[in-house]
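Below you'll find the structure, written out as structure tokens, and then a few comments.
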């Protein structure tokens, strides 16, 4: 398996794990806090959604730009994608709740 495929598998795994953690944390928070984060204006969710896409897209572009680097050298980019996906997950959940 070449470096790009390994890096993409790592990115996908970290993103799926990050999204699952964000979903579980947000779901648990919904049970204990009475809609505190849902009081924010919808523009906060839209801006956060765009920032999540920017983080993920920019990091993926860098991964593809330097596709010959091994996964350990691309690790921080993989983490950026996972953070972006987690931000998107949380704010999609909040957006759907409004």
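Tally time: how many residues in the range 31-62 are modelled with pLDDT of 90 or more and either surrounded by 12 or more Cβ atoms within 10 Å (Cβ to Cβ) or in contact with a helix residue (DSSP H, G or I) (Cβ under 9 Å, 6 or more places away or on another chain) (or both)?
Residues in the range 31-62 being modelled with pLDDT of 90 or more and either surrounded by 12 or more Cβ atoms within 10 Å (Cβ to Cβ) or in contact with a helix residue (DSSP H, G or I) (Cβ under 9 Å, 6 or more places away or on another chain) (or both): 12 in total.
Considering every residue within the range 78-97, establish whether at least one is out of contact with any helix residue (DSSP H, G or I) (no Cβ under 8 Å at 6 or more places or on another chain), in a helix (DSSP H, G or I), under 15 Å from residue 13 (Cβ atoms) and at pLDDT below 95.
no
The values are calculated or read from the model by the stated rules, or taken from the named source; none is laboratory data. All of these numbers come straight from a predicted model, not from anything done at the bench. When we count neighbours, we look across all protein chains shown, and the Cβ atoms used for this are built from the backbone with ideal geometry, even at glycine.
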